[in-house]
Amino acid sequence: MRIDVLGAVRALRDDGTPVDLGGPRHREVLARLVAAGGRMVSTDTLVDDLWAEPPVRAVGALRTFVAALRRAIEPDRPPRTPPRVLVTEGPGYALRLPRAQVDAHRFEDALAHARRTPAALTDTPAALTDLDAALAAWRGPAYADVTGSLWARRERARLEELRLEGLELRARLLLDSGSGAELVAELGAHVTEHPWREPAWGLLARALHRAGRQADALATLRRARTMLVEQLGLDPGADLQRLEADILQGATTLRPARTVWTAGVRLGPRTTVELARTLALAGGDALVHSRRDRLAAVQAAERTGDIALTARVIGAYDVPALWSRADDPEQSRAVVAAAERTLTALGADGPAELRARLLATVAVESRSADLSGTERERAGQAAREAEALARELGDPALLVFALNGVFLQSFTRPGLAAARDATGAEILGLATRHQLPNFAVLGRLIRLQSASALGDLDAAAAHARAAERLAVSTEASLVPVLTGWFRARATAARSAEPGGPSAATAAARYRAAEDALAGTASMPGLHRGLFALALLGLRLLHGRPAPTDPALDWGPYRPWAQPLVLLAQDRVEEARAALSAAPEPPLDHMQEALWCLTAHAAARLGEPPIAARAATALRPARTEHAGGATGMLTLGPVARYLTEAETCATQG
């Protein structure tokens with residue numbers, strides 16, 4: 001059996017199946033004993049740590065928790081034989097497990113080994129391998145589901161400090177061993193996230209120097225000095241000052257004493273993909289680079305032939321995803337193919353956590369707008385299997401990732417906004433309880449979209465404000481861009497009401513939102529065609545013809561907009577031909593909007609068969625708003641277009 005606390009607290013049997021530890025108090029007792037590192041914890045201490053105001057029968061309750069834990073941990077222990085794992089010792093209890101069977105202890109031991117490893121010794125690769133594996137074991141904040149206890153907060157802070165030290169120590173070992181150029185991006189992200197860690201600045205400067213970028217290395221050290229002086233009133237430490245002098249003088253001390261190992265991926269695909277994940281969460285150009293680095297890491301992992309490593313690398317990129325059209329469909333297909341190959345290699349009896357992460361990856365990367373019917377069926381099945389495994393494992397970080405896949409595979413037909421809202425609510429609840437702020441942002445945005453689709457703009461606005469507050473702490477730069485689009489959408493909706501803002505005001509809001517989104521240069525799957533479709537929706541709200549500006553980029557939505565654009569130019573027969581040629585809308589965020597365009601064009605052109613198909617598709621979404629599922633634009637109530645389509649269909 002092993003116990004993991006670097007993330008949510010859990011216990012796993014040797015075959016990888018989870019141990020049912022019971023309720024939150026049971027897991028907290030076990031976690032507190034893990035934190036003691038094998039030492040006895042007195043009953044009084046346990047009671048004080050478990051309850052801010054202990055109840056009258058607190059000791060009895062504690063004994064009940066311990067008894068239940070013993071049954072769970074040693075289910076085959078014969079009656080009346082003493083426990084061997086959770087033992088009674090003096091006035092309290094202790095956990096007797098080898099350190100290798102507890103992830104936090106393995107991490108501490110790997111870190112201690114790496115600290116003792118001088119540069120350029122033959123055991124550097126082994127120390128790095130152990131440290132890399134220990135860092136890869138982190139699934140989230142330590143003791144993630146023990147949120148209210150002072151002891152857990154202290155232990156979480158201690159282990160987080162050790163994790164940061166481990167990342168920096170790993171970089172130092174690599175630099176000392178002759179590597180370094182490949183560390184620049186990783187260390188750049190690290191100092192951005194933790195700017196007060198002086199050693200990290202030095203490591204980044206060394207990596208830049210190793211990459212032949214002496215000017216950038218010096219600029220990095222000067223940036224560190226400016227930050228320290230201006231914000232803390234402190235001069236850089238002696239190590240940073242010495243490093244700057246060495247770079248200026250071209251000192252031989254900057255060269256590795258001896259490079260003794262060259263085989264394999266030096267940075268490590270797992271570390272690379274975790275860096276890519278960090279960059280993705282930053283948005284902007286970093287998101288573009290992160291996707292590229294992520295695929296390179298997956299390919300490098302596959303080349304090692306290590307199936308478990310490959311599975312961990314693929315599954316580590318649990319970046320929240322909101323949009324149902326991929327930014328780079330070819331890359332997404334490559335990741336899905338790698339995940340499918342790895343799932344096959346693992347087999348049905350492979351570790352449940354690895355299988356769940358691979359299945360969730362298939363579901364998240366298989367964006368519905370780009371799938372064939374068979375691919376969509378497989379992606380939906382992967383989402384359901386990932387969710388089921390995640391629930392069995394009781395891992396909240398894994399469950400929110402799996403639910404992200406469930407959300408992205410929930411566009412199987414129009415009219416499912418309420419179901420998506422339920423998924424968003426669960427993601428938000430899990431992320432809030434277990435301190436997963438990036439997924440809390442996702443939950444808020446899903447709920448914003450759902451409320452917008454259901455016409456509840458007040459609720460959607462509340463979710464927008466909450467998402468913006470979260471974005472401040474998570475540095476999610478795309479959130480204010482998306483919420484800016486929502487506010488433009490709300491202005492457009494109100495412009496059709498008596499006394500509301502003018503259509504020109506709404507168009508100006510859309511233009512400002514478009515400029516903000518264009519400035520991110522990182523979400524082509526969302527960006528292309530969005531502004532043109534928003535303007536078309538605004539015109540339809542006011543009973544006006546489609547915009548005919550040839551400079552408008554309709555992106556992937558041209559087949560459904562084209563009939564109305566041609567009608568606006570009085571090219572009726574061409575509009576009829578375009579309507580006949582338009583395929584059924586893809587099953588994605590825009591499906592209700594595109595079906596409404598089809599319904600409107602069919603009614604205008606008097607095409608009953610096409611109108612009947614549109615009516616059939618739209619009936620389940622009768623109470624929703626066309627385009628509302630995006631949270632970014634609106635064509636008005638679906639019921640309006642459904643009535644048009646039904647009237648036309650009956651006239652046939």
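The values are calculated or read from the model by the stated rules, or taken from the named source; none is laboratory data. Predicted, not measured: the structure shown is a model, and the values here were computed from it. Ideal geometry is used to build each Cβ from the backbone, glycine not excepted, and the neighbour counts take in all protein chains shown. The protein model used for the area step is the full one, side chains on, heavy atoms only, and it has no ligands, DNA or RNA in it. Shrake-Rupley method; radii C 1.70, N 1.55, O 1.52, S 1.80 Å.
Looking at the range 134-150, is at least one residue under 23 Å from Arg210 (Cα atoms) and either of a type outside the set (Gly, Ala, Ser) or surrounded by fewer than 20 Cβ atoms within 10 Å (Cβ to Cβ) (or both)? There is no residue in the range 134-150 that is under 23 Å from Arg210 (Cα atoms) and either of a type outside the set (Gly, Ala, Ser) or surrounded by fewer than 20 Cβ atoms within 10 Å (Cβ to Cβ) (or both). The residues of the range 519-559 that are aliphatic (A, V, I, L, M), in contact (Cβ under 8 Å) with a residue 40 or more places away in the chain and at negative phi, listed by number, are Met523, Leu526, Leu530, Leu533, Ala534, Leu536, Leu538, Leu540, Leu541. Within the range 340-364, the set of residues being within 17 Å of Leu295 (Cβ to Cβ) and open to solvent by 10 Å² or more (accessible area, probe 1.4 Å) comprises Glu340, Arg341, Arg357.
Filtering Asp103, Asp15 for residues that are out of contact with any strand residue (DSSP E or B) (no Cβ under 8 Å at 6 or more places or on another chain) and acidic (Asp, Glu) leaves a single hit, Asp15.
With (1) of a type outside the set (Ser, Thr, Tyr); (2) within 27 Å of Ala419 (Cα to Cα); (3) touching a residue at least 40 places away in the same chain (Cβ under 8 Å) as the list, and Pro609 as the residue in question, which single condition is left unmet? Single failed check for Pro609: (2).
Return yes or no: is Arg539 open to solvent by 30 Å² or more (accessible area, probe 1.4 Å), farther than 22 Å from Arg444 by Cα, among the basic types (Lys, Arg) and more than 29 Å from the chain's Cα centre (by Cα)? Spell out the reasoning first.
On the way: open to solvent by 30 Å² or more (accessible area, probe 1.4 Å): yes; farther than 22 Å from Arg444 by Cα: yes; among the basic types (Lys, Arg): yes; more than 29 Å from the chain's Cα centre (by Cα): yes.
The answer is yes for Arg539.
Here is a check on your reading of the model: is Ile427 open to solvent by less than 50 Å² (accessible area, probe 1.4 Å), touching a Leu at 6+ places or on another chain (Cβ under 8 Å), under 26 Å from Tyr510 (Cα atoms) and assigned to a helix (DSSP H, G or I)? Reasoning before the result, please.
Numbers: open to solvent by less than 50 Å² (accessible area, probe 1.4 Å): yes; touching a Leu at 6+ places or on another chain (Cβ under 8 Å): yes; under 26 Å from Tyr510 (Cα atoms): no; assigned to a helix (DSSP H, G or I): yes.
For Ile427, the condition - open to solvent by less than 50 Å² (accessible area, probe 1.4 Å), touching a Leu at 6+ places or on another chain (Cβ under 8 Å), under 26 Å from Tyr510 (Cα atoms) and assigned to a helix (DSSP H, G or I) - is not met.
In the range 1-37, of all residues being in contact with a Gly (Cβ under 7 Å, 6 or more places away or on another chain) and either at pLDDT 95 or above or part of a strand (DSSP E or B) (or both), the one that is surrounded by the fewest Cβ atoms within 10 Å (Cβ to Cβ) corresponds to Pro18.
State the number of residues belonging to the range 64-79 that are over 15 Å from Met40 (Cα atoms) and not in a loop (DSSP other than H, G, I, E, B). Explain how you work it out, then say what you get.
Within the range 64-79, the subset over 15 Å from Met40 (Cα atoms) is 64-65, 67-79.
Imposing the further condition that a residue be not in a loop (DSSP other than H, G, I, E, B) reduces the set to 64-65, 67-73.
Number of matching residues: 9.
Of all residues in the range 608-638, those being in a helix (DSSP H, G or I) and within 24 Å of Ala464 (Cβ to Cβ) number 5. Every condition in (1) open to solvent by less than 50 Å² (accessible area, probe 1.4 Å); (2) within 26 Å of Leu594 (Cβ to Cβ); (3) over 19 Å from the mean Cα position of the chain (by Cα) holds for Ala464 except the one numbered (3). Within the range 470-488, is even one residue aromatic (Phe, Trp, Tyr), farther than 16 Å from Thr630 by Cα and part of a helix (DSSP H, G or I)? No: zero hits.
The number of residues in the range 616-652 being among the small types (Gly, Ala, Ser) and surrounded by fewer than 24 Cβ atoms within 10 Å (Cβ to Cβ) comes to 5.
Considered as a group, the residues in the range 392-416 that are surrounded by fewer than 24 Cβ atoms within 10 Å (Cβ to Cβ) and more than 27 Å from Leu6 (Cα to Cα) include one that is nearest to the chain's Cα centre (by Cα), and that residue is Ser410.
Report yes if Arg158 is open to solvent by 10 Å² or more (accessible area, probe 1.4 Å), under 26 Å from Ala476 (Cβ atoms) and not aromatic (Phe, Trp, Tyr), otherwise no.
Details: open to solvent by 10 Å² or more (accessible area, probe 1.4 Å): yes; under 26 Å from Ala476 (Cβ atoms): no; not aromatic (Phe, Trp, Tyr): yes.
Against the criterion (open to solvent by 10 Å² or more (accessible area, probe 1.4 Å), under 26 Å from Ala476 (Cβ atoms) and not aromatic (Phe, Trp, Tyr)), Arg158 does not qualify.
Please verify whether the range 512-528 includes one or more residues that are modelled with pLDDT under 95, under 20 Å from Ala451 (Cβ atoms) and either of a type in the set (A, V, I, L, M) or in contact with a Lys or Arg (Cβ under 9 Å, 6 or more places away or on another chain) (or both).
Going residue by residue through the range 512-528, those that are modelled with pLDDT under 95 are 512-528.
Remaining after also requiring under 20 Å from Ala451 (Cβ atoms): 513, 526.
After this cut, where a residue has to be either of a type in the set (A, V, I, L, M) or in contact with a Lys or Arg (Cβ under 9 Å, 6 or more places away or on another chain) (or both) as well, the list is 513, 526.
Yes, because at least one residue in the range 512-528 is modelled with pLDDT under 95, under 20 Å from Ala451 (Cβ atoms) and either of a type in the set (A, V, I, L, M) or in contact with a Lys or Arg (Cβ under 9 Å, 6 or more places away or on another chain) (or both).
Counting the residues of the range 292-316 that are open to solvent by 10 Å² or more (accessible area, probe 1.4 Å) and either touching a His at 6+ places or on another chain (Cβ under 9 Å) or charged (D, E, K, R) (or both) gives 6. For the range 370-388, does any single residue satisfy the condition of being modelled with pLDDT of 95 or more, surrounded by fewer than 22 Cβ atoms within 10 Å (Cβ to Cβ) and in contact with a Lys or Arg (Cβ under 9 Å, 6 or more places away or on another chain)? Yes, that holds for at least one residue.
Given the residues Arg96, Arg25, Arg116, Arg13, which is the only one that is touching a residue at least 24 places away in the same chain (Cβ under 8 Å), closer than 23 Å to Ala137 by Cα and of a type outside the set (S, T, N, Q)?
Working: Arg25 fails: closer than 23 Å to Ala137 by Cα; Arg116 fails: touching a residue at least 24 places away in the same chain (Cβ under 8 Å); Arg13 fails: touching a residue at least 24 places away in the same chain (Cβ under 8 Å).
Testing whether each residue is touching a residue at least 24 places away in the same chain (Cβ under 8 Å), closer than 23 Å to Ala137 by Cα and of a type outside the set (S, T, N, Q) leaves just Arg96.
Taking every residue in the range 469-489 that is over 16 Å from Phe439 (Cβ atoms) and pairing it with any residue that is buried (at least 17 other Cβ atoms within 10 Å of the Cβ) and of a type in the set (D, E, K, R), at least 6 positions away or on another chain, the pairs with Cβ-Cβ distances below 8 Å are Pro480/Glu468; Thr483/Glu468; Arg487/Arg509; Ala488/Arg509.
Here Gly268 clears all of (1) buried (at least 22 other Cβ atoms within 10 Å of the Cβ); (2) modelled with pLDDT of 85 or more except the condition numbered (2). The condition of being closer than 30 Å to Ala460 by Cα and aliphatic (A, V, I, L, M) holds for only one of Leu633, Leu567, Leu579, that being Leu633. Checking each residue in the range 38-66 for being open to solvent by less than 20 Å² (accessible area, probe 1.4 Å) and either among the polar types (S, T, N, Q) or in contact with a strand residue (DSSP E or B) (Cβ under 7 Å, 6 or more places away or on another chain) (or both) picks out Val41, Leu46, Val66.
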